[in-house]
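K.L.:
So that we are looking at the same thing, I have put the structure below in structure tokens.
Just so you know, all these numbers are worked out from the coordinates, no wet-lab data involved. Only a predicted model underlies this, so the values are computations on that prediction, with no experimental measurement involved. Glycine gets a Cβ as well: all are built from the backbone with ideal geometry, and neighbour counts include every protein chain shown.
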Amino acid sequence: MKKRVLVVDDEPGIRASLQMTLEPTYEVLCATNAQEGLARFRQELPNLVLLDVLMPGSDGLGLLQSMRSEDPTVPVIMLTAVKTVKTAVEAMKIGAADYLAKPFDVEELRMIVAKALATQALESEVRYLRAQVLKSYAFHNLVGKSPAMQEIYSKIEQVADTRTTVLITGESGTGKELVARALHYNSSRQERPFIALNCASIPETLIESELFGHEKGAFTGALARRLGKVELAHGGTLFLDEVGDLGMLTQAKLLRFLQEREFTRVGGTQTIKVDVRIIAATNKILEDLVPRKEFREDLYYRINVAVLSIPPLRDRREDIPYLSKHFLSKRLEAEGRPPLEISKEAMELLTRYHWPGNVRELENVIEQAIVWCRGTEVTMDHLPTTLKTESRHTGLRQSALSGQVSLEKAVQEFERELILDALTRTGHVQTHAAALLGITRRMLKYRMDMLGIKCPDTQAAPGPKDVPSA
Ligand SMILES: Nc1ncnc2c1ncn2[C@@H]1O[C@H](COP(=O)(O)OP(=O)(O)OP(=O)(O)O)[C@@H](O)[C@H]1O
Ligand SMILES: [Mg+2]
């Protein structure tokens, strides 16, 4: 669809020549005075306006102002006689996108119009993306209703819009980064950058320049000035992920920055002041690192101001059904697939498992299940075997501990599982299975007889005829 350009000019000659120049590419609407211009602006929603500054009996600048307040996203280009360039500059101050002096050059006109429309498209894309980001990090994206999560929500609300340094602790995959983003996007800094730095992934020799930037020639390979994360985060939030992995040297530099809120780029002399909110995260226990001299005590006190600790998923199992459904619908929606249910048994299994990888592991398991699920329901069959063996163990352990099963029986069950697993993994080649278990073949055979494990008829490894049907 052609973009619409509204021309507001009292001179018929100008209107005609603008129309002739623009018509092949755009749909051109015309108005002869301010009143008519505003009416068409409101009714026909043009993408761009070309507006004469000086029209007898009407005021171009006034019209510009009305248009800007009606819809500031529509670019307005002022048309001006050379004499009134000064007015055009005034117009730019009110918000005109550009101006064009009459008599205008056809190429220049085309270029200015195209450029203003391109800028407008970019701006609207940025607005859209920003809204998407805000939406995706709004509170309701943190899923979970357990008391522990409720406490996290209330703490986020309390500290989000402050400058307080926040330390987020929790095992890997518990949602530390998500909480950090929730803090940022619920603060008045939300329109400013959220810059993350993973302190564990960068070697100590590079991290100072990564944090504070460097000047050209600061070291071999520093071909140009480069801004560090601290400077890029100005006005916004700097997220120091895995802060417990920072080397001692960098810790000293970070401490200085936290105290002074100023720094110098590597190889530079100028002191730079920034306004940055710090959020740090770690899956280590910082208190334990301090006496071992792996984390500076003074830095620890600087960072350990407001602490949000996210409990592991196994300690808030009531969140598992909500999280599972959340990941399921999120993924299906992204793939444009119809909704799926999770069967009762499958949900029980998900809720029972101990999730060493926490929420991230749950998200992966759900994503994998979707790949295999072709029906209307996610069942046990779509869940990885690790979940099943694991929970059988916990089940077994519970039965043994509650006296339902004797110790001997429980141990036998466990042994049977290990042997069956080793046999499956080695394609029932007993020599290999025995090696895997660290026992002799003879011993394996003896145990198998004891436990009543029979060898399948075919001892061969799966051949091409066993290729599963996709
Ligand atoms: N409460 C939650 N609601 C919805 N999604 C969550 C929640 N917690 C975690 N997630 C999701 O789980 C995944 C892991 O979360 P995140 O990266 O924030 O964890 P992390 O604690 O930073 O992990 P790591 O220590 O490994 O860096 C992400 O995809 C995140 O969106
Ligand atoms: Mg993380």
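K.L.:
Which trypsin sites (Lys or Arg not before Pro) in the range 60-114 pass both tests, a DSSP loop state and at most 12 other beta-carbon atoms within 10 Å?
P.N.:
Sparse-neighbourhood loop trypsin sites (Lys or Arg not before Pro): none present.
K.L.:
Among the listed pairs Lys330/Lys388; Lys229/Lys293; Lys176/Lys284; Lys2/Lys93; Lys2/Lys115, which have their C-alpha atoms separated by more than 18 angstrom in this model?
P.N.:
With Cα atoms farther than 18 Å apart: Lys330/Lys388; Lys229/Lys293; Lys2/Lys93.
K.L.:
Specify whether the C-alpha gyration tensor of the range 4-131 places it in the rounded, prolate or oblate class, a ≥ b ≥ c being the square roots of the eigenvalues: rounded for a/c under 1.5, otherwise prolate if a/b is larger than b/c and oblate if not.
P.N.:
Judged from the Cα gyration tensor, the range 4-131 comes out rounded (a/c under 1.5).
K.L.:
Less than 12 Å apart at the alpha-carbon level, and either on another chain or at least 8 residues along: which aspartates and glutamates does that give for Lys344?
P.N.:
Cross-link targets: Glu377.
K.L.:
Here's another thing I want to ask about it. Please compute the volume of the convex hull spanned by the alpha-carbon atoms of the range 116-230 and report it per residue in Å³.
P.N.:
153
K.L.:
Rounding to the nearest 20 debye, state how big the charge dipole of the range 139-311 is about its Cα centre with +1 on each Lys and Arg Cβ and -1 on each Asp and Glu Cβ.
P.N.:
Charge dipole of the range 139-311: 400 debye, to the nearest 20.
K.L.:
Points 7 angstrom from Cα along the Cβ direction at Val133 and His393: gap in nanometres?
P.N.:
About 4.3 nm separates the two model spin labels.
K.L.:
Here is a further query. What full-extension length gain, to one decimal in nm, is calculated for Ile285 and Met380 as 0.36 nm per residue of separation minus the Cα-Cα distance?
P.N.:
Residue separation times 0.36 nm, minus the Cα-Cα distance, leaves 30.6 nm.
K.L.:
On full extension of the chain, what length is gained from Arg337 through Met111, given 0.36 nm per residue of separation minus the C-alpha to C-alpha distance?
P.N.:
77.0 nm
K.L.:
Determine the dipole magnitude for the chain: charges of +1 sit on the beta-carbon of Lys and Arg, -1 on that of Asp and Glu, nothing else is charged, the reference point is the Cα centre, and the result goes in debye to the nearest 20.
P.N.:
Here the size comes out at about 920 debye.
K.L.:
Considering the options Val365, Leu313, Thr394, tell which one lies farthest towards the positive end of the dipole of the chain, charges being +1 on Lys and Arg and -1 on Asp and Glu at the Cβ, about the Cα centre.
P.N.:
Most positive-ward Cα: Thr394.
K.L.:
Let me ask something additional. If you stretched the chain out fully between Glu262 and Tyr446, how much longer would it get, using 0.36 nm times the residue separation minus the C-alpha to C-alpha distance?
P.N.:
Net length gain for the segment: 59.0 nm.
K.L.:
Right, something else. Considering every Cα-Cα pair within the chain, what fraction, in whole percent, is farther apart than 38 Å?
P.N.:
56
K.L.:
By a straight-distance test (C-alpha under 25 Å), which lysines pair with Lys445 as possible cross-link partners, with residues fewer than eight away in the same chain excluded?
P.N.:
Excluding near neighbours in sequence, the set is Lys409, Lys454.
K.L.:
Please express the Cα-Cα pair-distance distribution P(r) of the range 317-451 as a list of whole percents, one per 5 Å bin, running from 0 to the bin with the greatest distance.
P.N.:
2, 9, 16, 15, 13, 13, 12, 9, 6, 3, 1, 0
K.L.:
So what is Rg over Rh here for the range 139-311, counting just Cα atoms and using Kirkwood for Rh?
P.N.:
0.98
K.L.:
Follow-up. Let's see if you can work this out: charge +1 on each Lys and Arg Cβ, -1 on each Asp and Glu Cβ, no other charges. What is the dipole magnitude of the range 1-157 about its Cα centre, in debye to the nearest 20?
P.N.:
520
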